[in-house]
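Take a look at the structure set out below.
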């Protein structure tokens, strides 16, 4: 999750049948999520529901967690396109502080909406990824530069990236909200806190 949209170098093309299988599997996985929730989505169940061999599912995703990583990556790319070329204030054209506030609110809403998928995408047999700059951190740093003089720029970018996504990582281990109203309230709670942090820092 949270990868840069623009790839380095020319990507290798997929065969047309592989692309069709991938899109069919992702659509089927979304249907299963909507009907049964993340806990009921399995490799065997996805293969059976999609009418494809289990080996095809394993080759495409590698593991059950890989299904959910593919789902969230697809949605994350659409989110990133809104940031890069969508309407302001999330997209270009607004003042940097307004864009930073809008980005945090939109990112929080995205992660809360996808928290069940993100939790299922964690492969507990693998170490937690660390040491790479996320799209969020790079975008925040760019907006901080545009906003004016910020002492210790790189450190501040790291710290407020953690302030944005750290609480949400903790939230991923909590039970899902009982209602959509509870999820919306939690989103507003974190969004308001994010706006306060940004405005106290830059205004």
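Read-outs: derived from the displayed coordinates by stated rules, not from any lab. Given the structure is predicted, the values throughout are model-derived calculations rather than measurements. Note that each Cβ is placed from the backbone with ideal geometry, even for glycine, and that neighbours are counted across all protein chains shown.
Separation between the residue 116 and residue 95 pseudo-spin-labels, each 7 Å from Cα along Cα→Cβ, expressed in nm?
Distance between the two pseudo-spin positions: 4.0 nm.
Cα atoms only, the stretch 14-62: Rg and Dmax in Å?
Over the stretch 14-62's Cα set, Rg and Dmax evaluate to 10.4, 31 Å.
List the residues of the stretch 33-65 whose backbone N lies under 15 Å from a point placed 7 Å from the Cα of residue 20 along the Cα-to-Cβ direction.
Output list for this probe position: 51-53.
Can you give the direction-averaged projected area of the convex hull of the alpha-carbon atoms in the stretch 64-202, in nm²?
8.8
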